[in-house]
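These notes are about the structure you will find just below.
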Amino acid sequence: AAAEKGGHDYFMLKEIEEQPTAIADTLRGHLVDGRIVLDEQRLTDQDLRDVDKVFVVACGTAYHSGLLAKYAIEHWTRLPVEIEVASEFRYRDPVLDRSTLVVAISQSGETADTLEALRHAKEQKARVLAICNTNGAQIPRESDAVIYTHAGPEIGVAATKTFTAQVAANYLVGLALAQARGTKYPDEVVREFHELEAAPKAVETVLESLGEARALGQLLADSKAVLFLGRHVGYPVALEGALKLKELAYMHAEAFAAGELKHGPIALIEPGLPVIVVMPSPKGRAVLHSKLLSNIQEIKARGARTVVLAEAGDETVKPFADHLFELPPISTLLQPLVATVPLQVIAAEIARARGYDVDKPRNLAKSVTVE
Ligand code: G6P
């Protein structure tokens, strides 16, 4: 068994380390003669041009990747994007027609809720695009177009490399739509693609500090609860960090959009409570950065134990960070690819410190094939 884990203490750690490859393999072959291509496409270019609204449906970690799809697709295409957990989607009579594109994201391609959401969308004549890690699974089989994530089989029940691969695939959907609609010039699409292609290198940089993230996890292991704060694309990252912690360490963990802090969550802050904050780059979104900085000051003043993920060289956070984890500089939309990694590691290490089996968390299944 030790050999299967490639010398790692647990599978999940091996899979965390495979993320640069998972992202690179997912992108490979999608830029052909200066154009973004999908893996399977039973839709015409005209069909893509006719799309006037996008719905993203998924469950669990795939849903968190879908939240990020909204930022990229709206930004690049100016199409309205809604995102919803698959189990809620079909029971509330969503407004769909043949100009709606429904993006179903599923690692396994067999999740019952996501499959049923897709079928419901098709009954309403919507077009369906699947993002899936499993060749020939039901969800891609029933879709009009497919992008496969090439993360390889994921053994750890808690999704890691399939998440970052899904984020990359979601961005490909955004670029493909921008290309079809002409909301971006062809050379801009190519430039965005190359930037995405450079992300695996940045993830490698994060992995060099894996030891630091592991130590941080060990330090937080006896906490009662952990809060996560993020804003803009940092918010889905915070949600995913909290989910990993619930799944692996059975710890009460909650994520909030940082702007909501004063609308309730700040009441939870008490001395010693760890709060993990995902900081945007000070260069990328300066406004967001300054708002989050004041959030850190507020929680620190109330005694929180602040764990800050910030861009390397960001001096402003230092006075308020009890623990600082530095992220390599990367563009705003791509930051989730680097920021999620330490949160995966922290959750796994807290679980280990508490004596739990990281690869087989209690009560959870790798894929949920009943509604
Ligand atoms: C289960 C797994 C999660 C996964 C979710 C969606 O809850 O434990 O890790 O994110 O299902 O699975 P899917 O295969 O559709 O991505």
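Quick one: of 5/291; 70/201; 122/201; 161/224, which pairs are farther than 31 Å apart, Cα to Cα? Spell out each step's value before the answer.
Working: 5/291 42 Å; 70/201 24 Å; 122/201 39 Å; 161/224 28 Å.
Too far apart for the 31 Å limit: 5/291; 122/201.
Residue farthest toward the positive end of the dipole of the chain, with Cβ of Lys/Arg at +1 and Asp/Glu at -1: which of 166, 234, 37?
My answer, from the dipole projection, is 234.
Can you tell me the length gained on complete extension of the stretch residue 124 to residue 301, counting 0.36 nm per residue apart and subtracting the Cα distance? Spell out each step's value before the answer.
Details: separation 177, 0.36 × 177 = 63.72 nm, distance 5.23 nm.
Taking 0.36 nm per residue and subtracting the Cα distance, the gain is 58.5 nm.
With just the Cα atoms defining each centre, how far is region 61-134 from region 135-178? Give it in Å.
The distance from the Cα centre of region 61-134 to that of region 135-178 comes to 12 Å.
Relative contact order for the chain using alpha-carbon pairs under 8 Å, separation at least 6, rounded to a whole percent?
On the way: 763 pairs, mean separation 71.4, N = 371.
Reported as a whole number, the value is 19 percent.
Place a +1 charge on the Cβ of each Lys and Arg in region 76-123 and a -1 charge on the Cβ of each Asp and Glu, then give the dipole magnitude about the Cα centre in debye, rounded to the nearest 20. All intermediate terms of the calculation are to be shown ahead of the outcome.
On the way: 6 positive and 9 negative charges, 45 e Å.
For region 76-123, the charge dipole is close to 220 debye.
For 99, 294, which order do you get if you count the other beta carbons within 10 Å of each Cβ and list the fewest first? If you can, show how the numbers build up before the last one.
Values: 99 14, 294 11.
Final ranking by Cβ density, sparse to dense: 294, 99.
Over region 13-161, calculate the relative contact order: mean separation of alpha carbon pairs under 8 Å at least 6 apart, over the residue count, as a percent. Show your work: numbers first, answer last.
Details: 268 pairs, mean separation 42.7, N = 149.
Rounded, it is 29 percent for region 13-161.
Could you put 143, 331, 108, 65 in order, starting from the residue whose Cβ has the fewest other Cβ atoms within 10 Å? Before the final figure, lay out the partial values.
On the way: 143 25, 331 15, 108 22, 65 30.
Going from least to most buried by this count: 331, 108, 143, 65.
Please arrange 263, 252 by how many other C-beta atoms lie within 10 Å of their C-beta, fewest to most. Don't skip to the answer; put the middle values down first.
On the way: 263 10, 252 13.
Neighbour counts put them in this order, fewest first: 263, 252.
Most mobile of 70, 262, 246 per a Gaussian network model of the chain (Cα springs, under 10 Å)?
262
Where Lys and Arg each count +1 and Asp and Glu each count -1, what net charge lies around residue 130 among other residues with Cβ under 13 Å from its Cβ? Please list the in-between numbers first.
Numbers: positive: 42, 119, 122, 127, 141; negative: 39, 40, 110, 142, 144.
For residues surrounding residue 130, the net value is 0.
Mind checking which aspartates and glutamates have their C-alpha under 17 Å from residue 53, skipping anything on the same chain fewer than 8 residues away?
45, 74, 82, 84, 93, 97, 123, 144
For region 291-366 and region 179-253, what is the separation of their Cα centres, given in Å?
Result: 9 Å between the Cα centres.
Just going by the charge dipole of the chain, with Lys and Arg at +1 and Asp and Glu at -1 on Cβ, which of 215, 176, 269 is farthest out on the positive end?
269
Dipole size in debye (nearest 20) for region 28-173 around its Cα centre, Lys and Arg Cβ +1, Asp and Glu Cβ -1? Provide the component values of the computation, followed by the final result.
On the way: 16 positive and 20 negative charges, 38 e Å.
Magnitude of the dipole: close to 180 debye.
Quick check for me: using +1 on Lys/Arg Cβ and -1 on Asp/Glu Cβ, what's the dipole size of the chain about its Cα centre, in debye to the nearest 20? Kindly include the intermediate steps, with their values, before the conclusion.
Values: 40 positive and 50 negative charges, 125 e Å.
With only Lys, Arg, Asp and Glu charged at Cβ, the dipole is about 600 debye.
Where both partners of a DSSP beta bridge lie in the chain, what percent of those bridges are antiparallel, to the nearest 5?
Counting only bridges with both partners in the chain, antiparallel ones make up about 10 percent.
The numbers here are math on the coordinates, done by the rules we state, and not lab data. Only a predicted model underlies this, so the values are computations on that prediction, with no experimental measurement involved. In this analysis, Cβ positions are derived from the backbone assuming ideal geometry, glycine residues included, and neighbour counts consider all displayed protein chains.
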